[in-house]
Amino acid sequence: MTLNDDVTFYGRAVDAGEMTRDQAARLLADASGWLTVTGAARSIDNWAQPPEETDRIVADAVTMVRAVRNGRPVPRPVLDRLTGRTRRPLED
């Protein structure tokens, strides 16, 4: 399955009450192998968005990680897009 398929699967499961958002975020992060739990939670929050939007978010996240790993600043347009989204804290 692609990341979009996984996000859709977990998003639907949360909406149907089959699991909590936190459970789904942790499972999605584990399944992706690279998403943080916070990033996975944000993806689940927006699971019904068009796949192209999810692809853009993933590309932005990869750009951000590469910049940080290489000791460079995150490009401002990427940072603006990633931090401009609605934020919901994870529940304990």
- Matching residues in the range 1-27 - criterion: being in a helix (DSSP H, G or I), of a type outside the set (D, E, K, R), open to solvent by 40 Å² or more (accessible area, probe 1.4 Å) and more than 27 Å from residue 66 (Cα to Cα): 9, 23
- Of those in the range 28-76 that are under 16 Å from residue 11 (Cβ atoms), without any contact (Cβ under 8 Å) to a residue 12 or more places away in the chain and open to solvent by less than 50 Å² (accessible area, probe 1.4 Å), the residue farthest from the chain's Cα centre (by Cα) is 49
- Query: Taking the range 1-27, which residues are touching a residue at least 24 places away in the same chain (Cβ under 8 Å) and farther than 14 Å from residue 45 by Cα?
  - Reply: 3
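The values are calculated or read from the model by the stated rules, or taken from the named source; none is laboratory data. In this text, all values refer to a predicted model and were calculated from it rather than measured experimentally. Cβ: placed from backbone, ideal geometry, glycine included. Neighbour counts: every protein chain shown. The accessibility values were calculated without ligands, DNA or RNA, using every heavy atom of the protein model including side chains. Shrake-Rupley method; radii C 1.70, N 1.55, O 1.52, S 1.80 Å.
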